[in-house]
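The values are calculated or read from the model by the stated rules, or taken from the named source; none is laboratory data. All values reported here derive from a predicted model rather than from experimental measurement. For neighbour counting, all protein chains shown are included, and Cβ atoms are generated from backbone atoms with ideal geometry for every residue, glycine included. Accessible surface areas use protein heavy atoms only, side chains included; no ligands, DNA or RNA. Shrake-Rupley method; radii C 1.70, N 1.55, O 1.52, S 1.80 Å.
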Amino acid sequence: MMGVRCVHQVKICPFSSQHVLAFFLSCHPIPMIAEVPCSQVVTLAKKAASDAAGSSSVAASCPVLMGLKRLSPKDAEEKLHPILTQHGLSLAVPISYVSEGLLDGFPRLKPLDFINHMAASGHINKLLGGKQVYSSGPLLQDFWDRYQVEHPDFSLFLEDDVDLSVCIPIFAHADGGRGYKKSEFMVFNWSSAIGSGTGKTNAKDNFAARELRRKRRAMNAQVNLLGHTFGTHFMWGAAPAMWHKDDSNFQEMMTVFGKDLKECFDVGVTCQGRNLRLVCIGLKADLKLQARAGRFTRWYSTSRKSPYDPNKPNQTPGHCCWLCPAGSVQFPYEEVHTEAPAWFQAMGAYAAVPPWRDGEINGLLLHSFGYVSQPAKFYLPDLFHIYLAGFGQDHAASCLVYMLGPVFTGSSVDDRLGSLNHAWVYWKKMKKVTTHTYTWTRNMLAFSSTKVYPTGTWSKASDTAKIMEFILYMLELFSDKLDQDKILHYIQVAGRAMGECMRGLYKSDLWVESGIKWQSCFLFMMCTLRFILYITWKPPKLHQLDVVTPLHPSQVISEEKGLARRIVASGLLFLKAYAKLASLTYEKGLRLFVYKPKIHYFHHLMLQMRSTLNSGGMPLNPLAYSCSAAEDFIGRASLLSRRTAAATTEKRVLQRYLAGAADVWARQQ
């Protein structure tokens with residue numbers, strides 16, 4: 001980024017490249033600061049000022065450059081950031097320090113100070129999806145009206161004299177990134193539930209689609225996945241391993257985080273005559289961190305690792321879900337083939353049982369509004385880790401391993417993998433698709449032998465969706481084999497169903513339309529036409545197991561009405577097809593399509609959406625509390641931690657984040 005700007009300025013600036021660098025360093029120093037030590041920035045400033053001395057160049061009169069050249073490279077990190085703040089090149093949010101307890105001296109950015117700065121600088125609209133404060137009342141009131149239908153037990157609705165039209169819903173988030181010497185670097189942040197959308201419909205679409213998108217944005221709230229994450233997510237604190245590896249310190253961090261967020265509701269900020277408040281509606285994170293924060297006694301790590309033996313009375317119950325009793329013998333989580341599993345029917349009596357021991361409630365939840373009838377709902381299921389970085393990888397790996405025989409031919413497994421790689425390279429070039437997965441090997445599929453279940457090991461979760469597109473493309477090329485091979489047929493059914501489910505979510509608003517409205521009809525019109533043209537044959541009459549009814553994706557489009565119901569029907573269809581695949585491969589003695597608890601969490605999401613629809617409400621888009629954008633934020637913050645001294649990382653990351661956020665906010669203006 002920096003190099004592009006410098007090249008652009010060299011064409012029009014008569015000064016040397018050193019002057020050009022100084023000019024951009026004075027105007028936009030943040031990209032350089034994020035990549036090199038501050039001492040090097042000071043050294044460059046001194047050289048640039050020396051070259052420009054006595055001339056009439058911009059660098060000679062730049063106040064920022066004049067301030068930087070007076071600094072010593074030895075203490076540049078400490079004294080550079082106040083200069084940036086003085087000249088508006090860093091956000092003027094003060095760094096506060098915890099003054100008591102285990103975290104004495106720990107630096108953090110209090111959310112109340114953050115929103116006060118937003119109100120003073122005119123950036124409060126970043127919490128309102130771009131809307132101005134004077135027009136945000138109906139938007140916020142509509143959010144809480146719909147949220148009350150879906151979650152009537154949320155304790156905010158039990159408060160007296162609360163004006164919901166000034167309450168901004170937010171999510172808390174925490175996760176670990178790669179820090180110094182590959183240690184876990186913990187980042188705490190928060191973000192608004194209302195954003196600018198997903199970017200699924202963009203400027204490349206036709207004019208009618210762009211007009212529709214503008215109208216929908218004006219009418220409906222959007223999910224918060226679009227835009228630079230320094231402009232949509234806001235840091236609270238950053239902790240290297242020496243701070244958070246002790247669980248008591250980590251729990252204290254969550255407690256202070258919760259108190260600071262609660263202060264934003266109790267005090268609020270006055271902006272344009274309205275006292276805006278922040279309301280945390282849940283913690284979004286991968287389940288491993290949620291289990292640590294909530295001290296869960298049931299999650300996927302507590303599921304059974306071996307068959308249940310009635311002769312062993314001391315066996316653990318095997319519960320694998322923090323929301324329900326699934327995982328025990330009476331409530332198997334593998335019942336993904338049915339829309340009325342045993343665990344779902346038992347949730348009414350089991351919902352009030354929290355997944356933690358008495359007296360071990362998390363400090364963030366303790367100081368936040370909770371859910372009275374089901375306290376565990378505060379911990380939100382993350383679709384990003386559930387599907388793209390979860391069972392979606394296992395599903396895609398099993399599909400590819402099975403296709404090594406009928407689709408990717410060869411005399412040995414290695415030859416078939418070579419055929420797969422040739423097809424993979426050709427497809428990416430033809431479709432102009434970029435992935436982080438370049439070559440398929442046994443290790444990539446965790447396919448050491450036929451005695452183990454394949455597992456996708458690619459590091460980038462975004463590759464999962466592209467791999468599924470590749471699988472569907474190959475099945476179309478070999479469509480003549482689908483009539484004879486039941487497993488290939490159901491691989492295609494499952495892939496199409498999940499594709500329609502995810503596309504529907506990404507095209508949807510913050511609240512998924514539950515009725516037949518013109519927006520919903522338009523969004524699925526192209527999908528419907530594609531299926532009509534795409535599917536020109538009738539599926540063969542396959543052998544049916546009692547537990548699975550073989551459906552076809554075209555039935556989902558034609559039978560269900562309304563965007564939300566089509567999404568739910570597509571998701572449930574995928575689960576039924578997956579159960580069918582697991583059954584068929586088990587009958588053949590193949591170890592494919594393994595059952596893991598994450599597929600049960602997806603079942604939860606679909607049934608929760610259906611329950612909201614049946615009660616007359618509109619379900620909140622699961623992408624609203626997905627961690628895909630938050631993971632990007634964690635990566636950026638972790639990169640900053642690797643550019644600072646290990647002894648002062650927790651403070652330096654906050655300072656560099658404020659400088660980077662100021663640069664991003666200025667560009668967005």
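Couple of notes before you dig in:
- Given (1) over 30 Å from Phe391 (Cβ atoms); (2) in a loop (DSSP other than H, G, I, E, B); (3) in contact with a Pro (Cβ under 7 Å, 6 or more places away or on another chain), number of the condition Leu278 does not satisfy: (2)
- Test: Met235 is buried (at least 19 other Cβ atoms within 10 Å of the Cβ), in a helix (DSSP H, G or I), modelled with pLDDT of 95 or more and out of contact with any Pro (no Cβ under 7 Å at 6 or more places or on another chain): no
- Within the range 382-391, the set of residues being open to solvent by 20 Å² or more (accessible area, probe 1.4 Å) and in contact with a Leu (Cβ under 8 Å, 6 or more places away or on another chain) comprises just one member, His385.
- The residues of the range 649-669 that are touching a Pro at 6+ places or on another chain (Cβ under 7 Å) and open to solvent by 10 Å² or more (accessible area, probe 1.4 Å), listed by number, are Glu650, Lys651.
- Cβ pairs under 7 Å, 6+ apart, first in the range 395-417 and closer than 13 Å to Ile491 by Cα, second of a type in the set (Gly, Ala, Ser) and not in a helix (DSSP H, G or I): Ala396/Gly456; Ala397/Ala446; Ala397/Gly456
- Under the condition of being open to solvent by less than 10 Å² (accessible area, probe 1.4 Å) and over 17 Å from Phe188 (Cα atoms), the residues counted in the range 630-648 number 0.
- Total residues in the range 47-61, condition in a loop (DSSP other than H, G, I, E, B) and surrounded by fewer than 18 Cβ atoms within 10 Å (Cβ to Cβ): 5
- Looking only at residues of the range 240-255 that are of a type outside the set (Lys, Arg) and outside any helix (DSSP H, G or I), we find that the one that is most open to solvent (accessible area, probe 1.4 Å) is Asp246.
- Selection status of Lys460, more than 22 Å from Gly589 (Cα to Cα) and open to solvent by 10 Å² or more (accessible area, probe 1.4 Å): yes
- Some residue of the range 256-277 being within 22 Å of the chain's Cα centre (by Cα), surrounded by fewer than 21 Cβ atoms within 10 Å (Cβ to Cβ) and closer than 25 Å to Phe369 by Cα: yes
- Among residues of the range 298-315, those that are in a loop (DSSP other than H, G, I, E, B) and open to solvent by less than 90 Å² (accessible area, probe 1.4 Å), counted: 7
- Options Gly137, Gly129; residue that is closer than 30 Å to Leu607 by Cα, out of contact with any Phe, Trp or Tyr (no Cβ under 8 Å at 6 or more places or on another chain) and in contact (Cβ under 8 Å) with a residue 12 or more places away in the chain: Gly129
- Scanning the range 247-279 for residues that are of a type in the set (Asp, Glu) and in contact (Cβ under 8 Å) with a residue 60 or more places away in the chain returns Glu252, Asp260, Glu263.
- Any hit, the range 106-124, residues being part of a loop (DSSP other than H, G, I, E, B), open to solvent by 30 Å² or more (accessible area, probe 1.4 Å) and among the basic types (Lys, Arg): yes
- The condition of being out of contact with any helix residue (DSSP H, G or I) (no Cβ under 7 Å at 6 or more places or on another chain), on the phi < 0 side of the Ramachandran plot, open to solvent by 10 Å² or more (accessible area, probe 1.4 Å) and aliphatic (A, V, I, L, M) holds for only one of Leu156, Leu139, Leu164, that being Leu139.
- Residue list for the range 474-512, restricted to those being in contact (Cβ under 8 Å) with a residue 60 or more places away in the chain, assigned to a loop (DSSP other than H, G, I, E, B) and either more than 30 Å from Asp142 (Cα to Cα) or among the basic types (Lys, Arg) (or both): Phe478, Asp485
- Scanning the range 392-429 for residues that are open to solvent by 80 Å² or more (accessible area, probe 1.4 Å) and of a type in the set (A, V, I, L, M, F, W, C) yields one hit, Val425.
- Filtered residues of the range 464-498 (kept if of a type outside the set (Asp, Glu) and open to solvent by 20 Å² or more (accessible area, probe 1.4 Å)): Ala465, Lys466, Leu472, Tyr473, Leu477, Phe478, Ser479, Lys481, Gln484, Lys486
- The residues in the range 349-373 that are open to solvent by less than 20 Å² (accessible area, probe 1.4 Å), outside any loop (DSSP other than H, G, I, E, B) and of a type outside the set (Phe, Trp, Tyr) can be counted, and the count is 3.
- Pairs where the first residue, in the range 609-627, is on the phi > 0 side of the Ramachandran plot and the second is open to solvent by 30 Å² or more (accessible area, probe 1.4 Å), C-beta under 9 Å, 6+ apart: Gly616/Val149; Gly616/Ser514
- Taken as a whole, the structure places Glu150 among residues that are open to solvent by 10 Å² or more (accessible area, probe 1.4 Å), closer than 28 Å to Phe378 by Cβ and touching a strand residue (DSSP E or B) at 6+ places or on another chain (Cβ under 8 Å).
- In the range 558-615, the residue that is surrounded by the fewest Cβ atoms within 10 Å (Cβ to Cβ) out of those that are closer than 20 Å to Met347 by Cα and touching a Ser or Thr at 6+ places or on another chain (Cβ under 7 Å) is Leu613.
- Answer from Leu128, Leu103 - the residue that is modelled with pLDDT of 90 or more and within 30 Å of Thr644 (Cα to Cα): Leu103
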